[in-house]
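Engineer: Below are the structure tokens for one structure; questions will follow.
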Amino acid sequence: MKRDQVLAVLACAALMAAAPILLPPFYIRVGQLMLYSAALGVAWSILGGFAGYASFGHAAFIGVGAFAAGLVEDRFSTLPPPLLLGFGLAVGGVACAALSAAIAYPILRLRGTFFAIAMLGVSHVCAELNNNLDFLQGSLGLNFPVVTPESIAPETFYYELCLFTGCAVLAVAWQIRRSRFGAGLLSIREDEDTARMLGVPTERYKRIAFVVSAVLTGLLGVIYAHSLGYITTDSVYRDDTNLNLIVFSLLGGMGTLFGPVIGAFLLVFVTQVVLGRLLDFHLFATGLLLVILVLAAPGGVLGFARTFSFRRRANAE
Amino acid sequence: MNNQPILRVDRLSKSFRGLHAITGLSFAIQPGSITSIIGPNGAGKSTLFNLVTGYLAPSAGQIWFQGRLITGMPTNRIAERGIARAFQIARPFRDLSVFDNVRIGSLFGKAGPRDVAATTARAMQLAAIAHLADRPASALTVGQLRHLEVARAIATRADLLLADEPCAGLNPTETAAMIDVLRRIRASGVTILLVEHDMPSVMEVSDRLLVLDAGRLIADGSPSDVANNPQVIEAYLGSTEPEDTESQTAEPAIRQGSKI
């Protein structure tokens, strides 16, 4: 990312931060979902896009983060709201770090589809445990204390919070991408054995990427749970989230920094706004759209744009 | 200390479920040399490279690099010590540009202080692919990919380069260019261990030949010595007895370099 790109992103973020003044509440909620999805997509991409370990079970970290935070916040609900949210974020992040670090070694020995399916298993196992262990209150549901300041509408508050967090996640991903660590992750995606032969500490790098991705996902889960106010197992351990995280990158451009952002914006906008009124029809239409996009632009929106500009340049020469 | 070999292999053996790929192999490589390993298919050449780079663990024996034991070390640690490998079938990072491919070599590889930009540029220069820097690796020809493979390997600032058939499948012009690259790499202070089937190239570039057959070392010496060694001719062309005439016709065949 060049300097003018950084400036462009900051300008976009500033515009988006001002948008709630003009938008009706419904669109603010759509915007919040877009930003939340984009942030999740970027967090997923640190492992799935950069290192090529496509996880099909990142909802596990949304769920673990959300429930860990919720259970602890419930105990300390007398704390002032901003502190409580910060506390919840810390607990959710630590819980996800612990879970991902614990499963990293065995699960990252699997590659490709096997890793994806194993992660789906992790997500389902966590969901089942969450549903059936009474002290986790997964089936009963968990209330989150209100942390929204009274002067701000809740949807605006969560919109801005998601915007801020999204920018932070993007900044983390950007820093990783341009670092030596990021170059190592790319080489792992391209050819893991060759990477190791060149001296890339592949095992360590994969584990770090996994934990970073899990922690960021967990933090977003905590924020999402707060925005819902009340969660059960089914509202955070969602298989459509598991699926969508891959779709965001596929749509926008796998392994790129902005691919998941573009993909998430596109998919959420299409499903919520364009197809939102066609209730019976919208899942079918989403599926169709996906098939068409993936067939027409296998490299995603960014990949398509790149080949297009490449062709134009070639024609000009 | 200058006489210390850069690589020493001591009674190395590797068997795959009873198949002895390498049996009791011992040799030492002096720094600054180009040593070629030749032998018929299945002689254990690739297995030897896999053992030296730590991709496989030996069944028995030891490998010493610059006076230190490296057997059993993970592949990336061995790379950090200063051994690099160029694969026979080029394995570029296809989605990345030539520059980024080579840059990953210089970002990692041998431990110690590094100047990534300078090392990348120098490696591309040595391997004669500087003009391709911005091309995606997927757009290169087979010959160019071989050069990329070598560039990425030496960008690791390795002291020992294992080159696995860098000339296989190349036409005579490309082969000559590759030989030239290998010479320049050696001149830059890198020791080269070469597996190559293209006999004219081997004869031209090597200081020393090691001949493997069925996992054993059957000859070791200068190219001309080895080419006249009856045991080597037998290994390549089958038993020469009882007629002696066959070995005489076989010898020029090796010299002239039918690809074996």
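Values in this text are rule-based calculations from the coordinates and carry no lab data. Since this is a predicted model, take the numbers as computed values, not measurements. Reconstructed Cβ throughout: ideal geometry from the backbone, glycine too, with neighbour counts over all protein chains shown.
Engineer: Which one of A:Leu10, B:Gly39, A:His58 has its Cα pushed farthest toward the positive end of the charge dipole of the protein assembly as shown, where Lys and Arg give +1 and Asp and Glu give -1 at the Cβ?
Structural biologist: Going by the charge dipole, the pick is A:Leu10.
Engineer: Here's another thing I want to ask about it. When the Debye formula is applied to the Cα atoms of the stretch A:26-316, each taken as the same point scatterer, what base-10 log of I(q)/I(0) results at q = 0.08, 0.11, 0.14 Å⁻¹?
Structural biologist: Evaluating at q = 0.08, 0.11, 0.14 Å⁻¹ gives log10 I(q)/I(0) of -0.34, -0.65, -1.04.
Engineer: Near the amide H of B:Ala21, under 5 Å away, which other amide H atoms are found, from residues 5 or more places off or on another chain, if H is placed in the peptide plane?
Structural biologist: B:Lys14, B:Ser15, B:Phe16
Engineer: Let me ask something additional. What length, rounded to one decimal in nm, is gained on full extension from A:Phe308 through to A:Arg75, with 0.36 nm per residue of separation minus their alpha-carbon distance?
Structural biologist: Residue separation times 0.36 nm, minus the Cα-Cα distance, leaves 78.3 nm.
Engineer: Take A:Leu7 and B:Asp180, extend 7 Å from each Cα along the Cα→Cβ direction, and tell me the distance between the two endpoints in nm.
Structural biologist: Reported label-point gap for A:Leu7 and B:Asp180 is 4.5 nm.
Engineer: From the residues A:Leu84, A:Phe67, A:Leu266, which one has its Cα farthest along the dipole of the stretch A:26-316 in the positive direction, the dipole being from +1 and -1 charges on Cβ of Lys/Arg and Asp/Glu about the Cα centre?
Structural biologist: Positive-end residue among those listed: A:Leu266.
Engineer: Write down the percent of antiparallel bridges among all DSSP beta bridges whose residues are both part of the protein assembly as shown, to the nearest 5.
Structural biologist: For the protein assembly as shown, the DSSP antiparallel bridge percentage is about 55.
Engineer: Excluding A:Phe56 itself, what net charge comes from residues whose Cβ is under 13 Å from its Cβ, given Lys and Arg +1 and Asp and Glu -1?
Structural biologist: Net charge around A:Phe56: -1.
Engineer: So for the stretch A:195-269, what percent of the C-alpha to C-alpha distances run longer than 21 Å?
Structural biologist: That fraction is 44 percent.
Engineer: Report the FRET efficiency, 1/(1 + (r/R0)^6), for A:Leu133 and A:Leu15, where r is their Cβ-Cβ distance and R0 is 41 Å, rounded to 0.05.
Structural biologist: Once the sixth-power term is evaluated, E becomes 0.35.
Engineer: From the phi of every residue in the stretch B:4-20, what ³J(HN,Hα) in whole Hz does the Karplus formula 6.51 cos²θ - 1.76 cosθ + 1.60 yield, where θ is phi - 60° and glycine or proline is x?
Structural biologist: 5, x, 6, 9, 10, 10, 10, 6, 7, 9, 9, 10, 10, 6, x, 7, 8
Engineer: Now for a separate question. Rounded to the nearest 10 degrees, what's the angle between the helix B:98-107 long axis and the longest principal axis of chain B, both from Cα atoms, 0 to 90?
Structural biologist: The answer is roughly 90 degrees.
Engineer: Here's something else I'd like to know. For B:Gln66 and B:Ser222, what does the FRET efficiency come to when R0 = 25 Å and r is the distance between their Cβ atoms, rounded to the nearest 0.05?
Structural biologist: The calculated FRET efficiency here is 0.50.
Engineer: Let me ask another. Return P(r) of the stretch A:151-260 (all Cα-Cα pairs; 5 Å bins starting at 0; whole %; ordered from short to long distances).
Structural biologist: Values per bin, smallest distances first: 2, 10, 15, 20, 19, 14, 9, 6, 3, 1, 0, 0.
Engineer: Taking amide hydrogens as modeled 1.01 Å from N in the peptide plane, which residues meet the under 5 Å criterion relative to B:Asp213, leaving out close sequence neighbours?
Structural biologist: Correct list: B:Ile218.
Engineer: Positive end of the dipole of the stretch A:26-316, charges at C-beta (+1 Lys, Arg; -1 Asp, Glu), about the Cα centre: which of A:Cys96, A:Ala173, A:Phe114 has its Cα farthest in that direction?
Structural biologist: A:Ala173
Engineer: May I pose another question? Give the average, rounded to an integer, of partner chain Cβ atoms located within 10 angstrom of each Cβ in B:100-106.
Structural biologist: 4
Engineer: Mind putting a number on the dipole of the stretch A:15-156 about its Cα centre? Charges go on the C-beta only, +1 for Lys and Arg and -1 for Asp and Glu, and I need it in Debye to the nearest 20.
Structural biologist: Computed about the Cα centre, the dipole is about 440 debye.
Engineer: Summing Lys, Arg as +1 and Asp, Glu as -1, what charge do residues with Cβ under 12 Å from the Cβ of B:Ile83 carry, B:Ile83 excluded?
Structural biologist: +4
Engineer: Could you give me the percent of Cα pairs per 5 Å distance bin for the stretch A:242-304, shortest bin first, beginning at zero and ending with the bin that holds the maximum distance?
Structural biologist: Reading upward from the zero bin: 4, 21, 28, 25, 14, 6, 1.
Engineer: Go ahead and run the numbers for FRET between B:Phe16 and A:Arg207, Cβ-Cβ distance against an R0 of 30 Å, rounding to 0.05.
Structural biologist: Given R0 = 30 Å and the Cβ-Cβ separation, E is 0.50.
Engineer: Sticking with the crude label model, points 7 Å out along Cα→Cβ, report the distance from A:Ala102 to A:Leu23 in nm, one decimal please.
Structural biologist: Each label point is offset 7 Å from its Cα along the Cβ direction, giving 3.8 nm.
Engineer: Could you tell me the ratio Rg/Rh of the stretch B:4-136? Both radii from Cα atoms, Rh via Kirkwood.
Structural biologist: 1.01
Engineer: Right, here's the next one. Report, for chain B, the % of DSSP beta bridges that are antiparallel, rounded to 5.
Structural biologist: Taking every DSSP beta bridge within chain B, about 55 percent pair in antiparallel fashion.
Engineer: Let me ask you something else. Please report how many Lys pairs in the protein assembly as shown have alpha carbons closer than 25 angstrom, counting only residues at least 8 apart along the chain or sitting on separate chains.
Structural biologist: Value for the protein assembly as shown: 4.
Engineer: Could you work out the pair-distance distribution P(r) of chain B from its alpha-carbon pairs, with 5 angstrom bin width and percents rounded to whole numbers?
Structural biologist: Values per bin, smallest distances first: 1, 6, 13, 17, 18, 17, 12, 8, 4, 2, 1, 0, 0.
Engineer: Dividing the Cα convex hull volume of the protein assembly as shown by residue count, how many Å³ per residue is that?
Structural biologist: 197 Å³
Engineer: Dipole size in debye (nearest 20) for the protein assembly as shown around its Cα centre, Lys and Arg Cβ +1, Asp and Glu Cβ -1?
Structural biologist: Using only the charged Cβ atoms, the result is roughly 1140 debye.
Engineer: Could I ask something else about it? Hey, what angle do you get for helix B:116-126 against the long axis of chain B, alpha-carbon based, 0 to 90 degrees rounded to 10?
Structural biologist: 40 degrees
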